[in-house]
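The numbers here are math on the coordinates, done by the rules we state, and not lab data. In this text, all values refer to a predicted model and were calculated from it rather than measured experimentally. We place every Cβ from the backbone using ideal geometry, glycine too, and count neighbours over all the protein chains shown.
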Amino acid sequence: MSFQSDKKKEDSNPVGIVNIVMLIWYIPFTVALFLVLAVSSATTVYYDFDQQSDLPRYMRENIPLLLVLVFAILCLLQYLRRKTSLFTGRMQGEAVPGKRLPLSCTMRAALFFAASVSLYLILIIRGLAVNDGLIMDGIINRFMQGDFSELQGGGYLAVYPFQIGYIAVGQLLYVLFGPSNYIVYMLLNIPAVLITLWMLYEITWELFESREICDLMAVLSTGMFFLFCFTTFVYGDLWSFAPMTAALYLTMRYLKYHKRSDEIWSGILIGAAVVLKSNCYIAVVAMVIMLLLDGLRNRKQQGIRLLVQNILLAVLLVIFAKGMTGIINTAYSRATGVNPWPKGTPSSTYFAMGMQEAGGEGGWYNGYNRNTYTQSGMNRDLADQTAKREIADRLRAFRQRPLHAANFYVKKFLSQWADESCISMHDMEETSRHVTGQTEILNWILYGGGRVLFRWIMNLYQALCYLGTAVFCIDEFRKKRFDFLPSFLVLFVFGGMVFHELWEASGRYTMRYYICMLPLAAFGIDLLLKKADLITFRKMGKQKR
């Protein structure tokens, strides 16, 4: 079934208020996308060896080589489209609109590849917890011994209480597998990656209802080495990807078919994702906005009933997202005897840190949030006032030097989105630093030719991802009407761009939004290949005449 030719009636709205609202994120998203596509093609981000902090560095890209390789990949994909059955959507069972798409042979192979590469990297590295992961591992061990001091005074959890969800999972793993069993943490990253890729495959089907585009998405996913490399990192980021992408998928199904159970399950899953990683609130905001817009765009067909239903479901989403965290906080407050539960450093300290240039790359972590809170005697109101004064000072400085401000925020944006590795290679190297008996193959991957190979695979993936997404955006503007379901993904990714332009910056944080461009990129690459087919057909026709 063709996405372009067969749509639900309500998806063919004329240009109206909903379409105008979507311009709010489509225009800046497209501008930002072309900016990062151009800059990431000219420069590349890297991290120094044995570097403790995540500080990106820049070097010139080999532009001719990048262009040749991108062209070669496109030619290869075109050949596979024309001459093989790779994109024919061979699968067990029929593809039926409204039903989950059965996995095709191509997607099964992509999942097997992802699992194999991830497992291989985990087993040869056998890394250790570092940074926050190491700190929280110590907290988990002390919690199991009845020591809850980190929740009080200047303790880590008193400053960052949102990490309690990770602590809860860590305590469960302690009971099941023993203390500090880091290999288990890493192995759990593999199903998280596989579920994430599976959900992106299902999202692609709901967006475009094309098995060919779904299989193209599967093939492109084999270039997500940043995701595979990050499975070696002991932390909870990847664990949150699985419920988050599943929640996005179910919300997408609700927006398409209006089956209430889909959105209820989406709320449960996004609540779980927020417990694991509070950054998932960006997904909650995107879901709420799309539910409200969906009620408005269908008001002529379904009247006020659907709008009221969507408002109630949006409220339910927020309740799930806030409520699950609240339940865990309450449970731990009672179990530990810590009452009231710590609120942690105020969000203003993060926004202030995101405007600072000290400590290396502008807007990246420099300890300001924790230092301000502890220096304020753990007085949240005093820390908030201090941070707001810092924000006001930075705003005055930016107003006095507008070109400098523009340069600061452009560099901050590119330091996150032009990094093809999403810090994964740096984090993989960091987690292996204190591992004894490193093998030659491990040294080759971390410091030798393997590092170069991995970087170029991720480089090509990034170029194709941004190129395909840019083509998708151009096609949307060409039609003078934005398709509603794809705009959900655009809103989510754009929300991540805006949030981390204001908040603490990190290429690791932007990974969750970056992966969600893949369905849009697959559509854009498919459109490019079809246009090439059309041009070739026309030339052949002229030659025959």
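The simple Förster model, with R0 at 30 Å and r as the Cβ-Cβ distance, assigns Ser333 and Asn141 a FRET efficiency of 0.90. Across segment 257-269, rounded Karplus estimates of 3J(HN,Hα) from the backbone phi angles (6.51 cos²θ - 1.76 cosθ + 1.60, θ = phi - 60°) give 10, 6, 9, 4, 4, 4, 6, 5, 5, 4, x, 5, 5 Hz, Gly and Pro being marked x. Couplings 3J(HN,Hα) for segment 64-73, derived from phi with the Karplus relation 6.51 cos²θ - 1.76 cosθ + 1.60 (θ = phi - 60°), are x, 5, 4, 5, 4, 5, 4, 4, 5, 5 Hz, where x marks Gly and Pro. Peptides 190-203, 136-149, ordered by how many other C-beta atoms sit within 10 Å of their residues on average, highest first, read 190-203, 136-149. Annotation: amide H-H contacts under 5 Å for Trp364 (H modelled 1.01 Å from N, sequence separation of 5 or more, or interchain): Ala505.
Based on alpha-carbon atoms, the Kirkwood radius and the radius of gyration of segment 247-363 give Rg/Rh equal to 1.11. For segment 109-152, the residues whose amide N sits under 20 Å from a probe point set 7 Å from the Cα of Asn379 along the beta carbon direction are 152. Once you list every other residue whose beta carbon is under 12 Å from the beta carbon of Gln78, what net charge do they have if Lys and Arg are +1 and Asp and Glu are -1? Around Gln78, the charge tally is +3. Residue-normalised convex hull volume from the C-alpha trace of segment 345-400: 62 Å³ per residue. The Arg401 and Ile17 beta-carbon pair, evaluated with R₀ = 30 Å, returns a calculated FRET efficiency of approximately 0.20. Between Leu35 and Val70, the modelled labels are 1.8 nm apart [label points 7 Å from Cα along Cα→Cβ]. Label separation (Ala392 vs Arg260): 4.9 nm, computed from points 7 Å beyond Cα along the C-beta direction.
Computed from the C-alpha gyration tensor, the three semi-axes of the ellipsoid equivalent to segment 148-197 are 26, 14, 7 Å, from longest to shortest. The length gained by stretching the chain between Leu172 and Ala109 to full extension, at 0.36 nm per residue less their Cα-Cα distance, is 19.4 nm. Only Cα pairs under 8 Å and 6+ residues apart enter the sum, and on that basis the relative contact order of the chain stands at 22 percent.
The mean of 1/r over all distinct Cα pairs in the chain, once inverted, gives the Kirkwood hydrodynamic radius of 24.7 Å. Residue exposure proxy: Thr349, Thr43, Thr84, Thr510, ordered by other Cβ atoms within 10 angstrom of their Cβ from fewest to most, comes out as Thr84, Thr43, Thr510, Thr349. Listing Trp239, Trp341 from fewest to most neighbouring C-beta atoms within 10 Å gives Trp341, Trp239.
Summing Lys and Arg as +1 and Asp and Glu as -1 over all other residues whose Cβ lies under 11 Å from the Cβ of Asn310 gives a net charge of +2.
The phi torsions of segment 342-355, fed into the Karplus equation with coefficients 6.51, -1.76 and 1.60 and a -60° offset, translate into couplings of x, 8, x, 5, x, 4, 4, 5, 6, 5, 5, 4, x, 9 Hz, rounded to whole numbers, with Gly and Pro shown as x. Close amide H contacts of Tyr58 (hydrogens built in the peptide plane, cut-off under 5 Å, sequence separation of 5 or more or a different chain): Tyr46. Each of the peptides 490-497, 25-32, 331-338, 172-179 was scored by the mean count of other Cβ atoms within 10 Å over its residues; in descending order, highest first, they stand as 490-497, 25-32, 331-338, 172-179. The stretch between Val435 and Val315 holds 38.4 nm of extra length on full extension. This uses 0.36 nm per residue minus the Cα-Cα distance.
Sorting Ile319, Ile125 by the number of Cβ atoms found within 10 Å of their own Cβ, with the fewest placed first, yields Ile319, Ile125.
Between the amide H of Thr43 and those of Glu61, distances stay under 5 Å, these residues lying 5 or more places away or on another chain, with hydrogens modeled in the peptide plane.
Give the relative contact order (percent, whole number) for segment 204-298; include only Cα pairs under 8 Å separated by 6+ residues. Once normalised by length, the contact order is 24 percent.
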